[in-house]
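See structure below.
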Amino acid sequence: MNYLTVENISKSYGERTLFENISFSIHKDQKIAFVAKNGTGKTSILNILSGEDSADSGQIIFRKDIKVAFLSQDPKFDDTLTIEATILASDNPVLKVISNYEKALLKPDDTEAYQAAFDAMEHHQAWDFETLYKQILFKLKLEDLNKKISTLSGGQKKRLALANALINKPDLLVLDEPTNHLDLEMIEWLEAFFAKENITLFMVTHDRYFLERVCNEIIELDQGQLYSYKGNYSYYLDKRDARIEREAVETGKAKQLFKKELDWMRRQPKARTTKSKSRIDDFADIKHRAHQRRQDHEVQLELNMERLGSKILEFHKVSKRYEDKVILNSFDYTFKKGERVGIIGKNGTGKTSFLNILTQTAPPDSGKVVKGDTVKFGYYTQNGINIKPEQKVIDVIKAFGDYIPLKKGRQISAQQLLERFLFTRKKQYDFVEKLSGGERKRLYLCTVLIQNPNFLILDEPTNDLDIVTLNVLESFLLDFPGCVIVVTHDRYFMDKVIDHLFVFKGDGVIEDFPGNYTDYRVYEDSQPVISKTTEDKKEKSTWKENKASKLSFNEEKELRNIESKLNALAYDKKALEQKFNTPDLSQDEINKLSETLQELIQTITTKEERWFELSAKLED
């Protein structure tokens, strides 16, 4: 059953064309992810579907009488209403029945009105629905139903908009980055909700695990063309790589044909036959195909960062609280060279406050934070860039530096850095206010990197970045020789770049877990359901008392972490080896690929040796 048809829509802003003659359709039970680079029109397409914007040409056709809900990045509400009043104000007839029943409860003397409201609840089977919508609000941490909209944060408003959409059970739900402003627990709950509910979805999201587990089709907008893949994210990656490889081969053949036809064109006399005129007409198409070039630039920055000394960063009995909320309680930790720490925890447990104390932008209540003399922080915050009127992209980055040093005495200018992060020379002289949200985040990332830090702190770096940029950032961080701390709800990103976790449990409790997020979830799921007050105390003793295991508590976790990393490294090795099949590789490119492959093989060998060392203990 067709719900929505998009026919030949186009959109331009001045001289800039986002897309032309785009067509696709959405059918019942499809769960579609729309994938494209930042600035190529993802949000514009969603705005056109929702009616907030209009296409320059083409049309949008919705099936008659279907219920559609749109979740935007910036939802609008009546600030005078409460959370509950906002939910009940929708046009859902069952919600109106519930509203009438709750009003009747306030007037117990009016038995006639109460009976009518009670009967209506029975008739519409509204009891279960009331339970459902309150469960949804609870899962999205919106328990205080009497809270005014005017007092909510931006993240809370986004969650309320999501709750409103889910409660009304639309036939088609259109979502713009639904996992932004959700903590990890909420994201996993939302995945499970979509798995069991028959809601047709069309979404833009950068969350690759969410894509993998929720979507059954990917539509990609790539260089102005639409491509559809009937499968999840893994299927999409395989088929997309195969498509790009085919296109590269076809372009290579077109180049050979172009050379042949160009030589023929140069040799042609002035008098031409009808047959030769036809061949001349085809020449333009051959030339176009031969000169097609993908804009898949990879960031290759061999940073010559300032050396880290023996003392990096130390926490000594650090405590911090805001009124009755404890953030840190006598926290002790000494950072070592090359540490890659992921920080997770529910919203409100103090993750950002911890980073502010770490960077000494906020003081602790007691204890001290000691920073080594050689440490240079690069702090990517959630606040982003402060845009000045009529400021151009190149001016923003030059305010932080003109170049960064690379290895072997080389350097890279601000312009070259921007180019490597997909800002063309023309784009660099655009006004910043013209950039999309994702492009602004990418620019902000450049301003952090050009300062050449040796200790990177990234607070929600994945919000609003497209998947291409995320892959680039992951590759950069894997090669980054300094320390890295990441706060993110992007599980895929965390699994790939971090080695251990700080788990913020609340009330000042921080658990240091030696593994990535997937390891942590496996570990948590394997634990018996016991009271939280005794869980932390019993955790280590349970391992110590297990006589079957010859490994310590941390060694057992390290072994599982290595196994997970080896799987990821094997995948990366396979992908790298496939790059050698690319036609027209220069000798310099082949050399760089070979060096990267050798480094990867060395990393795999090191981890395998440690795996055998730990495994041998089990067999003793």
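Summary of computed values
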{"quantity": "Pair Y235, K434: separation of 7 Å Cα→Cβ label points (nm)", "calculated": "4.0"}
{"quantity": "Cα-projected label distance for D507 with K311, points at 7 Å along beta-carbon direction, nm", "calculated": "3.5"}
{"quantity": "Whole-Å semi-axes of the ellipsoid equivalent to segment 152-194 (Cα gyration tensor, √5λ, descending)", "calculated": "16, 14, 9"}
{"quantity": "Under 14 Å from K565, Cα to Cα: aspartates and glutamates that are on another chain or at least 8 residues apart", "calculated": "D495, D499, D519, E608, E609"}
{"quantity": "Computed lengthening from K103 to D78, 0.36 nm per intervening residue step minus Cα-Cα distance", "calculated": "6.9 nm"}
{"quantity": "Extreme residue, positive dipole direction of segment 157-223, given options V204, C215, N164 (C-beta unit charges)", "calculated": "N164"}
{"quantity": "Gain on full stretching of the segment that runs from Y227 to D56 - 0.36 nm per residue minus C-alpha separation", "calculated": "59.4 nm"}
{"quantity": "Where GluC sites (Glu not before Pro) fall in DSSP loop in segment 127-213, at most 16 other Cβ within 10 Å", "calculated": "E143, E197"}
{"quantity": "Scattering curve values for segment 388-494, log₁₀ I(q)/I(0), Debye with Cα scatterers, q = 0.17 Å⁻¹", "calculated": "-0.84"}
{"quantity": "Count of lysine pairs in segment 1-92 with Cα separation under 25 Å (8 or more residues apart, or interchain)", "calculated": "13"}
{"quantity": "Alpha carbon convex hull of segment 467-523, projected area averaged over orientations, nm²", "calculated": "4.4"}
{"quantity": "Burial order of peptide ranges 318-331, 506-519, 485-498 (average beta-carbon count within 10 Å, highest first)", "calculated": "485-498, 506-519, 318-331"}
{"quantity": "Difference of contour (0.36 nm per residue) and Cα-Cα distance, K426 to L478", "calculated": "15.7 nm"}
{"quantity": "Two-decimal Rg/Rh across segment 348-441, once Rg and the Kirkwood Rh are taken from alpha-carbon atoms", "calculated": "1.06"}
{"quantity": "Nonlocal Lys pairs with alpha-carbon distance under 17 Å, segment 357-465 (8 or more apart, or different chains)", "calculated": "12"}
{"quantity": "Packing-based order for 593-605, 390-402, using average beta carbon neighbours within 10 Å, highest first", "calculated": "390-402, 593-605"}
{"quantity": "For segment 1-115, radius of gyration divided by Kirkwood radius, i.e. Rg to Rh on alpha-carbons", "calculated": "1.16"}
{"quantity": "Cβ crowding within 10 Å averaged over residues, with 5-18, 162-175 ranked highest first", "calculated": "162-175, 5-18"}
{"quantity": "Orientation-averaged projected area, Cα convex hull of segment 160-237 (nm²)", "calculated": "5.6"}
{"quantity": "For segment 28-96, convex hull volume per residue from C-alpha positions, Å³", "calculated": "154"}
{"quantity": "Aspartates and glutamates whose Cα lies under 17 Å from that of K351, excluding same-chain neighbours fewer than 8 positions away", "calculated": "D183, E185, E323, D324, D332, D365, D459, E460, D490, D507, E511, D512"}
{"quantity": "Label-point separation, T606 to K196 (7 Å along Cα→Cβ), nm", "calculated": "4.5"}
{"quantity": "Rg [Å, one decimal], Dmax [Å, integer] - segment 306-389, C-alpha atoms", "calculated": "14.3, 45"}
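Every number in this text was worked out from the coordinates using simple rules, so none of it is lab data. This one's a predicted model, so the numbers in the text were calculated from it and none came from an experiment. Note that each Cβ is placed from the backbone with ideal geometry, even for glycine, and that neighbours are counted across all protein chains shown.
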